[in-house]
1. Based on the alpha-carbon gyration tensor of region 141-300, what equivalent-ellipsoid semi-axes (square roots of 5 times the eigenvalues) come out, in whole Å, largest first?
2. What is region 205-268's relative contact order, in percent, from Cα pairs under 8 angstrom and six or more apart in sequence?
3. Hey, any idea what the orientation-averaged projected area of the convex hull of the chain's Cα atoms comes to, in nm²?
4. Which net charge results when you count Lys and Arg as +1 and Asp and Glu as -1 among the other residues whose beta-carbon is under 13 Å from that of residue 233?
5. Longer than 30 Å from Cα to Cα, which of 123/210; 210/267; 42/210; 115/268; 34/123 are they? Say none if no pair is.
6. Quick check on the chain: helices-only [θ] at 222 nm, where DSSP H runs of length 4 and up contribute -39,500 (n - 2.57) each and the sum goes over total residues. Nearest 500, please.
7. Treating only the Cβ of Lys, Arg, Asp and Glu as charged (+1, +1, -1, -1), what charge dipole size does the chain show about its Cα centre? Round to the nearest 20 debye.
8. Percentage of Cα-Cα pair distances in region 206-289 greater than 21 Å, rounded to whole percent?
Amino acid sequence: MTTRRTFLEVMAIGLPLMACKNDVSAQKGGNTQKPIVISTWKDGEGVNKAAWEVLSAQGSALDAVEKGAVYMEDQINCCVGLGGNPDREGKVTLDASIMDHQFNCGAVAFLERIKHPISVARKVMESTPHVFLVGAGAQQFAVEQGFSLEEDVLSEKAKEDYEEWLITSEYKPVINIEENAYNHDTMGLLALDATGNLSGACTTSGMAFKMRGRIGDSPIIGSGLYVENEVGAVVATGVGEEVIRTGGSSFVISMMRQGMSPQEACKKAIERIVNVNAERAKEMQVAFIALDKNGNHGAFAIQKEFHYCIKSDVEEVMLESASWF
Ligand code: GLY
């Protein structure tokens, strides 16, 4: 597989920034590295560090992915958590999901005024007979579980963006641009712990200026996130509608189960989205990252300039994903 982008930004342990190319062959077979954590976007660097504190102390993949997501939700000028862009009515609504190595999963969506939706999702998983709570019910559950109700205010950046958006009030998902951290959407991370168990998490404030009540792929198990311990783990970022339409993450897992490498499987899922509507695909970003049970990882995006970060005992790198366009 050849990408047009030969030079990619890579941070390697003990090495300065250097160029590197991420292609399918680089990701096929060979590796058996654990523990390992991978995460979406350049912001994944800090997320991985947080998750690594758990993994390097022989902690579980589940604790690691929660910790990484919490770190991201704490960053105020970000697309994730309460600092994210609001819906068209000026309200920030959050979606998150988490899944472990035994098909246990929990999710929340359309959750307002709660700082750590990922931890509420974990509580749904561990303390209820359900897997998915939304809106007022999710918020009520969170409060009952001891989460604080935060003030209902936008961050300075979100307020500025929203006021600008109000001038036209036109909903048009823009292709996520990494340099504008505000403009991309989901933090997803996947971990394999020292015992060989996988878990995944994702958290987002969703698409900026979405319709009130809109929920994306991130809290939908099988779309935004899926973990099957015998095979691997997958998480998506980008325009959630396209991921939901094509059953994104569970499709990637099924391709891996049939023998594809993580990157080949991610590419297949992107191909499926492009094939649904090639014209529409030109105008949007969707990306998948995947990790198999041996610690091999891969990613594929519709558009260029999607990065993902990897941290293990042997590598600490940021790669630009291969892409369709
Ligand atoms: N991928 C996040 C969303 O569409 O809401």
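1. 29, 21, 13
2. 27
3. 15.2
4. With Lys, Arg at +1 and Asp, Glu at -1, the net is -2.
5. From 123/210; 210/267; 42/210; 115/268; 34/123, over 30 Å: 115/268.
6. -9000 deg cm²/dmol
7. Numbers: 30 positive and 44 negative charges, 176 e Å.
In debye, rounded to 20, the chain gives about 840.
8. Working: 874 of 3486 pairs.
For region 206-289, the share of Cα pairs beyond 21 Å comes to 25 percent.
Every number in this text was worked out from the coordinates using simple rules, so none of it is lab data. These numbers come from a predicted model, not from an experiment. Counting neighbours? That spans all protein chains shown, and the Cβs are built from the backbone with ideal geometry, glycine included.
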